Amino acid sequence: MEYVTKFAEGFMKLFQTGATTFIGWMTSIVPLVLMLMVAMNTLVAFLGEERVTTIAKASSKNVLTRYLILPFVSAFMLGNPMSFTMARFLPEYYKPSYYAAQAQFCHTSNGVFPHINPGELFVWMGIAQGIQKLGLNSMELAVRYLLVGLIMNFIGGWVTDFTTAFVCKQQGITLSKNVTEVATEQ
């Protein structure tokens, strides 16, 4: 009976811990993401979805702007996870590749721009602490990490284009390489 009781207590503890984590999210990350979504949608409404779509259309035509500049600007301006929402303005074909580049960039920029991914700042701070103990400059490492990250994230996005083409061919589907025009209000 003691084992059954301990199992039941442990089982309930699992859900109590989950509930505590959930409430923690409801008072930290959820309102933050909600406010960032409101800010982005406000900015899009202010600029006009047609203009934002035009910018996305222009950036989707060039591999450098699509996987180097757009992810950098999105991460810098919106942070993680809101930077991923910029993919909504890209053609379907390029969305997997944008996500690949963006997901990596949110990590490789943390040393120079900690606001981009504050949830994982502890990883960078642990590395920086070790570098500082060695008597080295952690900002040099942060800048190098950022630059190598930009290049590798670009390559990751570009390689994902080839992967997307392979999967599309294998599955017999065609993804659009054109941005869908926004319906104008009348």
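The values are calculated or read from the model by the stated rules, or taken from the named source; none is laboratory data. Here the structure is a predicted model, which is why all the values come from computation and not from measurement. Cβ sites come from the backbone with ideal geometry, for glycine too, and all protein chains shown count toward neighbours. Ligands, DNA and RNA are excluded from the accessible area calculation, which covers all protein heavy atoms including side chains. Shrake-Rupley method; radii C 1.70, N 1.55, O 1.52, S 1.80 Å.
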Seminar exercise, completed: Scanning region 56-89 residue by residue, the ones that are open to solvent by 10 Å² or more (accessible area, probe 1.4 Å) and outside any helix (DSSP H, G or I) total 4
Exercise. Being touching an Asp or Glu at 6+ places or on another chain (Cβ under 9 Å), assigned to a helix (DSSP H, G or I) and loosely packed, with under 14 Cβ neighbours inside 10 Å, is that true of even one residue in region 35-55?
Worked result: yes
Seminar exercise, completed: Taking first residues from region 151-164 that are under 20 Å from Ala75 (Cα atoms) and second residues anywhere that are open to solvent by 30 Å² or more (accessible area, probe 1.4 Å) and of a type in the set (Val, Ile, Thr), the pairs with Cβ under 6 Å that are 6 or more apart or on different chains are Trp158/Val63
Seminar exercise, completed: All conditions in (1) touching an Asp or Glu at 6+ places or on another chain (Cβ under 9 Å); (2) part of a helix (DSSP H, G or I) are true of Asn110 except (2)
Exercise. Got a number for residues in region 28-76 being within 21 Å of Glu92 (Cβ to Cβ), under 16 Å from the mean Cα position of the chain (by Cα) and among the small types (Gly, Ala, Ser)?
Worked result: 1
Exercise. Looking at this structure, is Phe7 more than 29 Å from Gly111 (Cα to Cα), at pLDDT 80 or above and either open to solvent by less than 70 Å² (accessible area, probe 1.4 Å) or more than 17 Å from the chain's Cα centre (by Cα) (or both)?
Worked result: yes
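Please tell me if Ser83 is small (Gly, Ala, Ser), under 18 Å from Gly119 (Cβ atoms) and under 15 Å from the mean Cα position of the chain (by Cα).
Details: small (Gly, Ala, Ser): yes; under 18 Å from Gly119 (Cβ atoms): yes; under 15 Å from the mean Cα position of the chain (by Cα): yes.
Spelling it out, Ser83 is indeed small (Gly, Ala, Ser), under 18 Å from Gly119 (Cβ atoms) and under 15 Å from the mean Cα position of the chain (by Cα).
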Seminar exercise, completed: For region 1-39 the number of residues that are among the β-branched types (Val, Ile, Thr) and in contact (Cβ under 8 Å) with a residue 24 or more places away in the chain is 2
Exercise. Of the residues that make up region 114-122, is at least one modelled with pLDDT of 80 or more, among the aromatic types (Phe, Trp, Tyr) and under 29 Å from Val30 (Cα atoms)?
Worked result: no
For this session: Among the candidates Thr174, Thr164, single out the residue that is under 22 Å from the mean Cα position of the chain (by Cα) and either of a type in the set (Asp, Glu) or under 26 Å from Leu64 (Cβ atoms) (or both).
Result: Thr164
Seminar exercise, completed: Taking first residues from region 80-103 that are farther than 21 Å from Glu49 by Cα and second residues anywhere that are part of a loop (DSSP other than H, G, I, E, B) and modelled with pLDDT under 85, the pairs with Cβ under 7 Å that are 6 or more apart or on different chains are Asn80/Ile116; Asn80/Asn117
Problem set entry | Gln132 vs. criteria assigned to a helix (DSSP H, G or I), in contact with a helix residue (DSSP H, G or I) (Cβ under 7 Å, 6 or more places away or on another chain), under 18 Å from Met77 (Cβ atoms) and open to solvent by 40 Å² or more (accessible area, probe 1.4 Å) | no
Exercise. How many residues are surrounded by 11 or more Cβ atoms within 10 Å (Cβ to Cβ) and not in a helix (DSSP H, G or I) if we restrict to region 23-34?
Worked result: 1
